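The values are calculated or read from the model by the stated rules, or taken from the named source; none is laboratory data. This one's a predicted model, so the numbers in the text were calculated from it and none came from an experiment. Counting neighbours? That spans all protein chains shown, and the Cβs are built from the backbone with ideal geometry, glycine included. In case anyone asks, the SASA skips ligands and DNA or RNA and just uses the protein heavy atoms, side chains included. Shrake-Rupley method; radii C 1.70, N 1.55, O 1.52, S 1.80 Å.
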Amino acid sequence: MTNTNKKVQALLFSALMVISVFGGVVAFSGSAFGTAVGSAELADSGTTFWQGQDIWLENGTTTATGNTLQIRTVDDNKVEGLVTEFQLDVGSATKNVKGDTQSIGTAKISTSGLEGYYVITAGGEGSKVYIANATGELLSATGVTSDQFAHVSPNTTHIGNAKFEVTVQTFSVELDDSSIDSGTTTTLDITSNRGTFQIRVSSPELDEDDLTDIFAAASTTNDVNSASKTDEDDDGKNDRESILINVEAGESVQVEFDADFDDDGTYTFDVEVVDTDAESSATIVVRDADPTYTFASSVYNQERGDVAEIQVDLVDATTAYVFIGGESSNYLEAVQVTDGGDKDGKVILLMNTYNVGRSAGSVSHKESPDRRSFTATNGTGFTVDDSDDSITSITRYNTSTTTTGLDIDKLLSDPIATGNYDLVLSSSATISAAGAIAGEQDVATLNLSDRSTDAISLHRAPESNASSFDPDDDWGDTTEVADGGSLSLDDLLIVKVQMSGVFGHIANKDLETVLGGVAADSGKAHGMNMTIKQTDATSNQDAIVFALTTDDGTAAKAQMYTDADNNTFFVVIDSADATTTNGSLAKGQDYKVKVWIDEYNPYVDDDSESDNELEIEFNYVKEEASVSGLDADDDLRIQPEAASVITGTASVAPGTELSVRVRNTGDNAFLKTQTADVASDGTWSATFDLSDVVVGTEFSVVVLRGGAEISDEVDVEAVADTATPTAEPKIVTRTIEVIRGTPTPQTIVEVQVEIQERTVVIEKVIENVRTVRVTPTPGQPGFGLAIAVVALLAAALLAVRRKA
């Protein structure tokens, strides 16, 4: 330890107080290391004390009575600088630890301001170092071998046994809520490095009775030391009234402002550790609550079998009771909801109409007892939309138990029926035998209508794992496939089904359970079915069928996603990794997707089964690409520029990323690659910097996907101008026929002209009328070619005239 450190430490320790007279104040001691005498801890070598605690000392013999003793610091088991001096007081008879009443010499030492290791010595360097035993006695006998005797200070081994530690108690408090309504509860969280201790709570705005009501309410479990309430405050905070609470580190103290607390305002809790210097504070705003309870809508509509969302809005309240149904509907249930966590003033109650009102387990179909028509899970009838909120209780009313005056069956024999159900919002759970609900605040209606099977469509997206596709985020990457349309073997196949009345059953279930299984408690047991089956199977071979399996242990092959708000679910299948039976997927195969709900579903009967079928077809094509703009020899001519564009088409899903590679292996070899995304119309475009390619250079271009070539390699020539040169017109055939007669001779000329390997026929010319009609071959340029032909025709006419 440096001299500077010694001086600083001496300055810090100058405030240490030695109290000669011990006052018998009875108070809780929270030391985890020693035994308490009154409000002080017994001196005990080798023990840790908390900064601010008092240490009680007694003379083990009479040799040190009246002598001046010292407290010195210890560094590396060496006695260092002086902290303070004190004496064992013998001025009055004191009942010591042994139970005797005699003047033996005692002292109570404050550790405020101390931190580190210390020893008690008889004087300066080289003096005796005293050991305190577990009873607080200083042993003054001389000895060198036993740790129970005093030793000269240079002996570092014995100093290590004689020293004691003073450390700082870390301490903080924090309220879970910055503001609450009267009639509600919050918690005061305690954080400390000390195990158990006692705190004193006071407030400049509250007296002892208020604090008792808040911290010792009947509903709390706080360990309040009611016998130790005090009107005094050790730190002189205006002599506030306070309350003492025994706590543990990490504990949460409950704080309740009951409904009778009607003083709006801001309140500060000053919290001090009773026997150390640690303290902290927390502030809360309390509102005199004027609670209101309302439904967000007067009518809630949902299809039977789906999940209804019932929003409750709360002002100056955090809990409410939602009553659903009544005697007229033969169903009545009450759900207590709590707005927790963020306390945003609303709770969205989710009512699974597939499960409510029924017992847990399966119920056999009436016509086919070997098939289960539905399976309910107890407790899943109601949940909340926000994880911060909660359901505190659910009560189902019926004739035999809760409401003896109401004629209501305990269990529903089938899933809840269509119709209007009364909704009552209340601040109370009380309901009379006649069905009158106490504390009624608002009313609304839940309308349940019949379910429906509406539409099916197919979509495709670039290849990926089915489990990584999210319709909410990735739907913009999909393209609809028309009925009978095509997709490649590497695309994601997405089946979009629009139907209602199924989402109560689908909730929290995987694909196999809903649509792909055959077990009694799987999808088929609920009457929901889906098949994807080949329609052009080879003769004498079974058709290929997709197995709707979720995963193979490494990557998801198929996945189900739901959008209950829009009565839609999606089945996403990775075509490249799909599981099939009776063969593998291949280009040219045709398939039909069929989704249907049969009579084993509790909402569908035999007569309506045909109305609950959806079908759509598709076929697989090879994953391939082509380059556009080729000439008659299937070559590409391109001008070498800084932004030379190569385009083409591909059969893969729009959004798929392709690689386009150009390469020359000649004297001036080069290799260039660009990426291109397939557009919605199936085209792609890649731009290359070919400014360093010499005109006349021949190279190749090929299209790849995922490193594999999916196009033919196309020969490319760098040219100065991509326009095709115009060939000189050439007369291939000339036929001249002169017809003489009356009244007017006619000359008919037929000329065939070949330009750029295309033939233009001039059908005839009537000499006297001087009319020329030129008929070009389809695709032939118009005026330029016609003028050339007319020039040739003029020569032909001239020749005819001469012959005439």
Of LEU314, LEU630, ordered by accessible area with the largest first and a 1.4 Å probe, the sequence is LEU630, LEU314
A 1.4 Å probe over the protein heavy atoms gives the stretch 565-682 a carbon and sulfur accessible-area percentage of 37
Taking a point 7 angstrom from the Cα of THR221 along the C-beta vector, which residues in the stretch 180-207 have backbone N less than 17 Å away?
185-190
Could you give the length gained on full extension between ASP177 and SER112, defined as 0.36 nm per residue of separation minus the Cα-Cα distance, in nm?
20.1 nm
Linear extension gain, GLN336 paired with GLU657, 0.36 nm per residue minus alpha-carbon span
110.3 nm
Residues of the stretch 454-468 with amide N under 14 Å of a point placed 7 Å along Cα→Cβ from ASN566:
455-459
Between ASP715 and TRP475, what length in nm is gained on full extension when 0.36 nm per residue of separation is reduced by their alpha carbon distance?
82.6 nm
5 Å is the cut-off here: which amide hydrogens, built 1.01 Å from N in the peptide plane, fall below it relative to ASN225, excluding neighbours closer than 5 in sequence?
LEU244, ILE245, ASN246
Each label point is 7 Å from the Cα along the Cα-to-Cβ direction; what then is the distance between the points at VAL695 and GLU309, in nm?
6.6
Leaving out ligands, DNA and RNA but keeping every protein chain, what accessible area does TYR600 have, in Å² rounded to the nearest 10, with a 1.4 Å probe?
50
Theoretical FRET efficiency, 1/(1+(r/R0)^6), r = Cβ-Cβ of VAL443 and SER252, R0 60 Å, to 0.05
0.95
Which sequence of ARG200, ARG663 reflects their accessible areas, 1.4 Å probe, from the largest down?
ARG663, ARG200
Here FRET efficiency (C-beta to C-beta, SER626 to SER468, R₀ 30 Å, nearest 0.05) is 0.50
Could you compute the net charge surrounding ILE348? Neighbours are other residues with a C-beta less than 9 Å from the C-beta of ILE348; K and R count +1, D and E count -1.
-3
Amide H neighbours of GLY81 under 5 Å, at least 5 residues apart or on other chains, H built in the peptide plane: list them.
THR73
Which order do VAL545, VAL627 take by accessible area at a 1.4 Å probe, largest first?
VAL545, VAL627
Among the listed pairs LYS346/LYS509; LYS622/LYS672; LYS533/LYS587; LYS509/LYS557; LYS496/LYS533; LYS108/LYS128, those beyond 24 Å (Cα-Cα)
LYS346/LYS509; LYS622/LYS672
